[in-house]
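The values are calculated or read from the model by the stated rules, or taken from the named source; none is laboratory data. These numbers were taken from a predicted model, which means no experiment stands behind them. A quick note on method: Cβ atoms are made from the backbone with ideal geometry, for glycine too, and the neighbour counts reach across all protein chains shown. Ligands, DNA and RNA are stripped out before the accessible areas are found, and what is left, the full protein with its side chains, is counted by its heavy atoms. Shrake-Rupley method; radii C 1.70, N 1.55, O 1.52, S 1.80 Å.
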Amino acid sequence: MEHKINKNLSTIQISGIRQFFNMISNYDDVVSLTIGQPDFPAPDHVKDAAKRALDNNHTVYTHNAGIFELRKSISEHVAEKYDLNYNPATEIIVTVGASQAIDIALRTIIERGDEVLLPGPVYPGYEPLAKLAGADVTYIDTTSHSFKLTADLLEQSITEHTKCVILPYPSNPTGVSLTKEELKEMAEVIHKHDIFMIADEIYSELVYEQPHTSIASFEKIRDNVIVVNGVSKSHSMTGFRIGYLLAPEWLAKHILKVHQYNVSCASSISQYAALEAIQNGKLDPESMKEQYKKRREYVTDRLDKMGLEYVIPDGAFYVFPKFPLNGKTTFDTAVELVKTAGLALVPGDAFSIHGEGFMRLSYAYSEETLKNGLDRLENYLNQIH
Ligand SMILES: Cc1ncc(COP(=O)(O)O)c(C=O)c1O
């Protein structure tokens with residue numbers, strides 16, 4: 001019967017990250033700098049709100065788009081921080097993590113044969129969802145542009161089939177973000193070709209120097225942009241599974257249909273926890289950010305001393321150094337690193353072919369773990385030279 005299932009699945013592999021973990025799961029004494037989620041517990045006031053939601057019997061379906069107070073607090077939050085104007089009644093949908101927001105956005109706009117553009121290297125969650133929605137995926141190589149998708153690169157890549165470009169910034173796996181000026185140029189290209197952009201801003205609260213600009217703040221492309229965000233990374237709430245999307249009313253009303261038949265609504269209890277996080281936890285991301293920033297300094301300082309090249313991350317908690325391969329593939333090198341040095345980094349090819357030759361190092365770990373892991377990296381590099 002297997003030949004009868006959806007053929008789109010045959011072009012979708014289990015993620016390179018998962019394949020790597022399966023491969024290394026039998027090794028002991030491995031320091032892992034691989035994780036893609038904050039290492040802090042969810043804030044206590046958020047956990048208390050979840051408990052209160054249970055005690056108050058908020059255990060039933062909510063409005064399909066999410067409880068109104070939460071949509072209202074999201075609307076106020078994005079207005080205050082990113083100068084965005086979205087009507088909580090008609091233009092905001094609370095989703096099951098940013099992941100479901102991306103899925104329902106794609107399924108609303110994609111028809112078979114449409115092309116989705118992705119900057120590479122990139123978070124591996126997009127390609128499978130785009131393909132399942134019927135799209136062909138094209139990667140744009142950003143490696144010689146400090147991992148930034150530029151307006152020129154985008155312009156050169158758009159074809160008559162291009163329906164949408166997905167842009168995460170700050171980026172997973174590189175931590176690189178875009179300035180207001182760069183986004184403004186990109187907005188011109190989006191406007192000129194009238195394509196959609198899914199702006200994945202899930203790391204927007206974790207930027208270190210420059211303030212985060214949302215591309216949706218350029219009014220002339222308001223109709224083209226679907227903003228994806230959530231509390232997973234900002235408030236260390238990955239397991240609560242609360243994200244949201246912002247879209248103009250004419251589009252949001254169609255996305256809401258896909259969402260409704262897909263999940264009805266996000267978890268009621270988690271929505272109350274997210275409401276507390278957004279309303280009363282404005283400082284939570286700030287304190288985590290301070291820690292990440294210190295760790296970024298420590299990690300990049302150590303990488304400098306080892307002579308590894310990287311682009312300084314503007315945000316998130318990843319750095320993506322170029323790695324000596326000695327004739328091996330990136331994947332095999334990552335496995336060798338585990339076997340001989342007891343250190344796990346995510347091989348860059350998990351983030352598309354454009355990640356070949358790089359490794360993703362996550363610094364969402366304690367300083368002690370980072371020190372231990374980086375000592376092992378240093379020993380490994382000394383041995384192979
Ligand atoms: C760029 C990016 N987008 C989306 C997600 C998924 O977020 P969520 O856990 O809210 O579904 C991740 C998770 O790692 C991510 O790195």
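Across the stretch 58-280, how large is the tail of the calculated P(r) beyond 33 Å, expressed as a percent of all Cα pairs? Beyond 33 Å sits 10 percent of the P(r) for the stretch 58-280.
A convex hull fitted around the alpha carbon atoms of the stretch 311-385 yields 94 Å³ per residue.
Proximity of backbone amide H atoms, modeled 1.01 Å from N, is registered between Leu343 and Val31, Val338 at under 5 Å, excluding neighbours fewer than 5 places apart on the same chain.
Karplus-based coupling profile of the stretch 225-239, in residue order and whole Hz: 9, 10, 8, 10, 8, x, 9, 4, 8, 5, 10, 6, 10, 4, x, with θ = phi - 60° in 6.51 cos²θ - 1.76 cosθ + 1.60 and x standing for Gly or Pro. Looking at the chain, the accessible area is 43 square angstrom per residue; that uses a 1.4 Å probe and ignores ligands, DNA and RNA. Summing charges over all other residues whose Cβ lies under 14 Å from the Cβ of Gln383, with Lys and Arg as +1 and Asp and Glu as -1, gives -1.
Computed with every protein chain present, the accessible area of Val346 is close to 0 Å² [probe 1.4 Å]. Of the beta bridges in the chain, as assigned by DSSP with both residues counted there, near 45 percent are antiparallel. The stretch 84-126 and the stretch 14-64 have Cα centres lying 21 Å from one another. Taking a point 7 Å out from the Cα of Lys192 in the direction of its Cβ, the residues of the stretch 205-227 whose backbone N falls within less than 17 Å of it are 220-221.
Residues whose amide H falls under 5 Å from that of Val165, counting only those 5 or more places apart or on a different chain, are Leu117, Phe196, Met197, Ile198, with hydrogens built in the peptide plane. If you run the Gaussian network model on the chain, springs between alpha carbon atoms under 10 Å, then out of Arg18, Arg302, Arg360 the most flexible one is Arg18. Here the extension length gained between Asp48 and Leu381 equals 115.2 nm, from 0.36 nm per residue of separation less the Cα-Cα distance. Taking Phe21, Phe358 and ordering them by how much accessible surface each has at a 1.4 Å probe, largest first, produces Phe21, Phe358.
Looking at the P(r) of the chain, how many percent of alpha-carbon pairs lie beyond 37 Å? Of the Cα pairs, 20 percent sit more than 37 Å apart. How big is the stretch 222-267 by the Kirkwood estimate over distinct Cα pairs, in Å? Evaluated over the stretch 222-267, this radius sits at 11.7 Å. Treating each Cα of the stretch 231-359 as one equal point scatterer and applying the Debye formula with no solvent, the log10 of I(q)/I(0) at q = 0.23 Å⁻¹ comes out as -1.27.
Taking label positions 7 Å along the Cα-Cβ direction at both Asp83 and Ser146, the computed distance is 2.2 nm, reported to one decimal. Over all other residues within a Cβ to Cβ distance under 14 Å of Asp136, the charged ones net out to -1, with Lys and Arg as +1 and Asp and Glu as -1. Database remark: amide H of Thr95 closer than 5 angstrom to the amide H of Gly243, Tyr244, Leu245 (H placed geometrically; neighbours at sequence offset of 5 or more, or on other chains; Pro and chain starts carry no H). Start at zero, step by 5 Å, and the Cα-Cα distances of the stretch 254-321 spread as 4, 13, 15, 11, 11, 10, 12, 11, 8, 4, 1 percent across the bins.
If each Cα of the stretch 61-191 is one equal point scatterer, what is log10 of I(q)/I(0) from the Debye formula at q = 0.12, 0.16 Å⁻¹? One equal scatterer on each Cα of the stretch 61-191 leads to -0.55, -0.96. With the highest mean first, a sort of the peptides 241-248, 294-301, 70-77 on other beta-carbon atoms found within 10 angstrom per residue produces 241-248, 70-77, 294-301. List residues of the stretch 337-368, by number, whose backbone nitrogen lies under 16 Å from a label position 7 Å along Cα→C-beta of Met23. Residues 337-361 qualify, since their backbone N sits under 16 Å from the label point.
Give the carbon-plus-sulfur fraction of the accessible surface of the chain in %, rounded to a whole number; probe 1.4 Å, heavy atoms of protein chains only. Reported share for carbon and sulfur atoms: 49 percent.
Derived scalar couplings between HN and Hα for the stretch 312-328 equal 4, x, 7, x, 6, 9, 10, 9, 10, x, 6, 10, x, 9, 6, x, 8 Hz in order, rounded to whole Hz, by the Karplus curve 6.51 cos²θ - 1.76 cosθ + 1.60 (θ = phi - 60°), x for Gly and Pro. Gain on full extension, evaluated as 0.36 nm per residue between Ser264 and Lys180 minus their Cα-Cα distance, stands at 26.6 nm. Backbone geometry of the stretch 185-191 corresponds, through the Karplus equation with coefficients 6.51, -1.76 and 1.60 at θ = phi - 60°, to 3J(HN,Hα) couplings of 4, 5, 4, 4, 5, 4, 5 Hz, x marking Gly and Pro.
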